[in-house]
Amino acid sequence: MKLLITGGAGFIGSNFVRHIFKKYPKYKIINLDKLTYAGNLDNLKDIADNAAAEGKYSFVRGDISDKVVVEDILKDGVDAIINFAAESHVDRSIDDSRVFVDTNIIGTQVLLDAALKFQVNRYIQISTDEVYGSLGPTGKFSESTPLAPNSPYSASKTSADLFVRAFYETYGLNTVITRCSNNYGPYQFPEKLIPLFITNAFYDQELPLYGDGKNIRDWIFVTDHCKAIDLVLHHGKPGQVYNIGGNEEKDNTEITKTILNALNKPESLIKYVKDRPGHDRRYAIDDSKIKNELGWSQEYDFETGMNETVKWYLDNKDWWERIKTGEYLEFYSRWYEGR
Ligand code: NAD
Ligand code: DAU
């Protein structure tokens, strides 16, 4: 099987590339990635050269919204596209949403058009539970929960999902959408809660908790997400949506204290800051559909996943220290101004 993986130099995409080569040594992968601030070829350093030498892997630096680049790849034939490429950070979408439209919406539309033109057999859209909006203290998102995005990021992901749906309904393109909850694990860019707080705490820097610190997310270890996408790629039903969750609801204060305990750091590092505008209160996932139809289940509980994650960041200080410079610091000085 020959796969076009977009965004394969990012957090989940690089974990998925690693998963595929481990499980399907004969598969071929083309990784199309723009290498934005979040894309990092170091994420695949340990496997890319060998796989390329065996003729199984190639990297194309390019933009999914560039039709010429996408068609140039697809003209030689691929069996499936898995679209991970996105602007993925809610805070950055609040700071400036334009690139979220360009990549998340237009990029998806370009990929869908090209998939149709070159008769790609399968198109998987990696979406998010944030398309459903926010929950009160009870209940869970199912695949039929109405779409109600609250941030510019989730609005762009929802728009993309609607294009995917339309290409299935209108043209019969073989599409599937996955909607997963919050991932954590190795290679996550240190702007997201868990890696940001691990790397800040390591140097005794403040941990900026938004609002009252009681917002709840459902946390899934990234390799469990990759296994679910693998099942959807091979067995998901065309036109369907599959929710994926970790079954580990935690509020942000609990996550923060877990990190402080693991690093033996004091709670005085916590700084309560002004809330994220439009901050969704709670996410929880009903993932019974993928469990019942495709036989998926999580392998990691939160404690095991967090131990592995903290260890990875402690063992890979070079990786994140190189990131926490330049544009990264510029974004944060702008973001925290007045907060
Ligand atoms: P990430 O920000 O770590 O990686 C995104 C990757 O996409 C980067 O390598 C970046 O260079 C690339 N990219 C961005 N714009 C591009 C463009 N125009 N053309 C080509 N490449 C481009 O993101 P992530 O956390 O790995 O998320 C991957 C996907 O999973 C996203 O679609 C995101 O919406 C979705 N998702 C993420 C989570 C999560 O918790 N991280 C949960 C559910 C769904
Ligand atoms: O639910 C899936 C989504 O999870 C994905 O679609 C997104 O790509 C991914 O970024 C993530 O979105 P969140 O906004 O939930 O993740 P983030 O790590 O930014 O924030 C998690 C929670 O922690 C949220 O309630 C906001 C809070 N937070 C975050 C940061 C960065 C803080 O309190 N302080 C912080 O500095």
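The values are calculated or read from the model by the stated rules, or taken from the named source; none is laboratory data. In this text, all values refer to a predicted model and were calculated from it rather than measured experimentally. As a convention, Cβ positions derive from the backbone with ideal geometry for all residues, glycine included, and neighbour counts pool all protein chains shown. SASA here: full protein model, heavy atoms, side chains in, ligands and nucleic acids out. Shrake-Rupley method; radii C 1.70, N 1.55, O 1.52, S 1.80 Å.
Structure values in brief
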| item | result |
| --- | --- |
| The stretch 281-318 versus the stretch 73-109: alpha-carbon centroid distance in Å | 24 |
| Helical contribution to [θ] at 222 nm, DSSP H n ≥ 4, -39,500 (n - 2.57), averaged over the chain, rounded to 500 | -12500 deg cm²/dmol |
| Mean projected area in nm² (Cα convex hull; one quarter of hull surface) for the stretch 1-113 | 6.8 |
| Loop-located trypsin sites (Lys or Arg not before Pro) in the stretch 24-60, at most 13 other Cβ atoms within 10 Å (DSSP) | LYS26 |
| Three-way shape label, the stretch 250-308, alpha-carbon gyration tensor, a/c 1.5 | oblate |
| Estimated D of the stretch 169-268 in µm² per second, where Rh is the Kirkwood radius over Cα pairs and Stokes-Einstein applies at 25 °C, 0.890 mPa s | 158 |
| The stretch 37-130: GluC sites (Glu not before Pro) in DSSP coil with no more than 12 other Cβ atoms inside 10 Å | GLU54 |
| Scaled radius of gyration (Cα, divided by 2.2 N^0.38 Å) that the stretch 66-130 gives | 1.22 |
| FRET E, pair PHE118, LYS324, Förster distance 41 Å, beta-carbon r, rounded to 0.05 | 0.55 |
| Greater than 28 Å apart at Cα, pairs in LYS45/LYS192; LYS56/LYS250; LYS214/LYS311; LYS22/LYS257; LYS56/LYS227; LYS22/LYS250 | LYS56/LYS250; LYS22/LYS257; LYS22/LYS250 |
| Accessible area per residue, Å², the chain with all protein chains present, probe 1.4 Å | 42 |
| Shape box of the chain [Cα atoms, principal axes, largest first, Å] | 57, 44, 38 |
| Kirkwood Rh and Cα Rg combined as Rg/Rh, the stretch 284-327 | 1.24 |
| Nearest-ten-degree value, helix 152-171 long axis tilted from longest Cα axis of the chain | 20 |
| Added length on full extension, which subtracts the Cα-Cα distance from 0.36 nm per residue, LEU314 to HIS235 | 24.7 nm |
| Anisotropy class of the stretch 31-190 from Cα gyration tensor, a/c 1.5 cut | oblate |
| Beta bridges by DSSP in the chain, antiparallel share as percent, to the nearest 5 | 10 |
